[in-house]
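Trainee: Dumping the structure here so I can ask a few things about it.
Taken together, the values in this text are just the output of simple stated rules run on the coordinates, not laboratory data. A quick note: this is a predicted structure, and the numbers were derived from the prediction, not measured. Cβ coordinates were reconstructed from backbone atoms using ideal geometry, including for glycine residues, and neighbour counts include every protein chain displayed.
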Amino acid sequence: MKPPADKGSLALGACVYAVLAFIIVPLVIVIPMSFGQNDYLAFPPSGFTLKWYAEYFDSRQWRAATWLSLQVAFLTAICASVIGTAATYAMVRGRSRLVTLFQVLLIGPIIVPHIAIAVGLYLFFQTIGLSGTIPGFVLAHTVLTLPFVVFTMAAALGKVDANLEAAAMSCGATRFAAFRYVTLPLILPSLASGALFAFIISFDEPVVSFFLSGVRQKTLPRRMFEDIEQNLTPIIPAIATLLIVLSIAILLGAHALRSRSKTP
Amino acid sequence: MKPVRSDFWHSDGHRLSGLSTLFLLAPFFAVIAFVFIYPIVQLLVISVTEPHPTLDNYARVVGNPVYARVLARTLWTATLVTALSVILGFPVAYYMSRARGAVAALVAVCVILPLWSSVLVRTAAWSILFQRNGLINSALMGLGLTSQPFKLLYTQSAVVIAMTHVLLPFMILPIYGALRSIPNDYTRAAAVLGATRWRTFIEVILPLSLPGVVSGSLLVFLTALGFFITPALLGSPQEMMVSTLVSQQIREVLDWPFAAALVGVLTLFVTLLAVIFSKTLRFDRLMGAAS
């Protein structure tokens, strides 16, 4: 159905593209700025240089922050996938009277403001020595990413015919074997895309990281926050550009996985 | 509380035993209890027991005019951001629900890509745009609209604009979901019965899209109330929001009981709203559309 091009449609189209420009332009604008030669951020940027990228990759502090965030995001993706898939499988195949409790706890970390979780964890983790440690970050990010993994896995497991597992089990497979050899291969693309989303959410997570970061252990978002707050050097557009490229890569990856999961 | 469809947890086939179910759910409940419930409850306990069993901390939040203004500013900012998101988001959702092919893909990318890019990247972009010699001031001066650059950074307007930018996808996706679920037959039937396109929109499409509008508004409003990064980086220290006040109390003043009471007010208010409107908050729909 093609909308007829009358005045109303044209006006609507104009409004929509104006709003889309409002959404996209601020993201796109940082890309040319990351190649500007000036030592301060001015628009339009003059000249062309890669020195801000070089500075980012040469800086030990930025490298340490990036490495910490990568480790945390990788471990979070694994923890959230395993815990989330186990829980979702139990909800879908189990006879649990815990459905209501499960749902409330599941959306809890989405509804409760992250600042509240961050402050609570800041106090709690300091008393048990997890503040600023990799296990501390991973635990916190696992809670924040679990809802996303569970919703992805619930949609995927719902599409798997339960009779396939039943058939495997009637042929003598154990419940675990039926899951491992029948269900898991079918849900693997969704599991991978859920893990990718958990990775990027953790890697970009600013609020909890802000409070849990110590003097030495700072995640990339925490370092970026400090740089933006204090002096906003042109290294920020360079990092922003790299992060946008990473987001695009992850979305493309998740999209490819999803289209694979649709073809049986 | 039913945040998802009743048949969301498909349940057919061979049932797991109760023991296996419990075993598989245990890690989930353990992590949520240890890393989510306990820290929040601990804060709430501190807010009413320190320095001694008291409600004084809460009385200060509401009673002190400085802090009452912070609460009012937070509510007002969240309301403004929600209203702007509806106004900007509805046309996009409507267009998206009618578009096909390459146009639909382009719109979807524009809506979903920001959702998966860092909040810090988006806030940094606004911070760059709002600078004295930034793009917006250069454009205004170039057009001859002003001779002096405006002070844009560190104002509440900057916070509202940037927060609307960050939260807009959370408004567009639920509205889009509601609009997509309206059968085409309805609009065709209205046309057959002689309704103009405008009348069809007002009497058929708009009422049926309302659940999406309510769901999106709640999501944006609740998230905006506790938003931290954008107000912290773009807002003025003289015009704090609850989240930035919490951060200041903990990191500079070290007044934990008061900060805990602020977090308590914020968390209880948000949770109350979520419970009241739990039927309209459709997370399954949002998550499905966002990925």
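Trainee: Report, in whole Å, the centroid distance computed from the Cα atoms of segment B:87-106 and segment B:141-202.
Mentor: Their Cα centres are 10 Å away from one another.
Trainee: Helix A:60-93 versus the longest principal axis of chain A: what angle, 0 to 90°, nearest 10, using Cα atoms?
Mentor: Taking the Cα atoms of chain A, the angle to A:60-93 is about 20 degrees.
Trainee: Could you name the aspartates and glutamates in cross-link range of A:LYS51, using Cα to Cα under 16 Å and dropping any fewer than eight places away on the same chain?
Mentor: Those aspartates and glutamates meeting the cut-off are A:ASP39.
Trainee: On the Cα set of chain A, report Rg and Dmax in Å, please.
Mentor: Cα only, chain A: 22.7, 71 Å (Rg, Dmax).
Trainee: Below 11 angstrom from the Cβ of A:ALA192, what's the summed charge of the other residues (Lys, Arg +1; Asp, Glu -1)?
Mentor: Surrounding charge for A:ALA192 is +2.
Trainee: Same structure again: Any idea what the dipole of segment A:60-262 comes to, in debye rounded to 20, about its Cα centre with Lys/Arg Cβ at +1 and Asp/Glu Cβ at -1?
Mentor: Working: 15 positive and 7 negative charges, 95 e Å.
With only Lys, Arg, Asp and Glu charged at Cβ, the dipole is about 460 debye.
Trainee: On to the next question. Go through segment B:52-124 and name the trypsin sites (Lys or Arg not before Pro) that are in a DSSP coil and have 10 or fewer other Cβ atoms within 10 Å of their Cβ.
Mentor: B:ARG100
Trainee: Pairing the Cα long axis of helix A:134-159 with the longest principal axis of chain A, what angle in degrees results, from 0 to 90 and rounded to the nearest 10?
Mentor: That works out to roughly 50 degrees.
Trainee: Could you work out how far helix A:114-128 tilts from the main Cα principal axis of chain A, as a 0 to 90 degree angle to the nearest 10?
Mentor: 80 degrees
Trainee: Here's something else I'd like to know. Can you compute log10 of I(q)/I(0) for the protein assembly as shown with the Debye formula, treating each Cα as one identical point scatterer, at q = 0.06, 0.07, 0.08 Å⁻¹?
Mentor: -0.31, -0.43, -0.57
Trainee: Count charges around A:ASP39 for me, please; just the other residues with Cβ under 12 Å from its Cβ, Lys/Arg as +1, Asp/Glu as -1.
Mentor: 0
Trainee: Between B:THR196 and A:ASP6, what is the spin-label point distance in nm, taking each point 7 Å from the Cα along the Cα→C-beta axis?
Mentor: Distance between label points: 0.8 nm.
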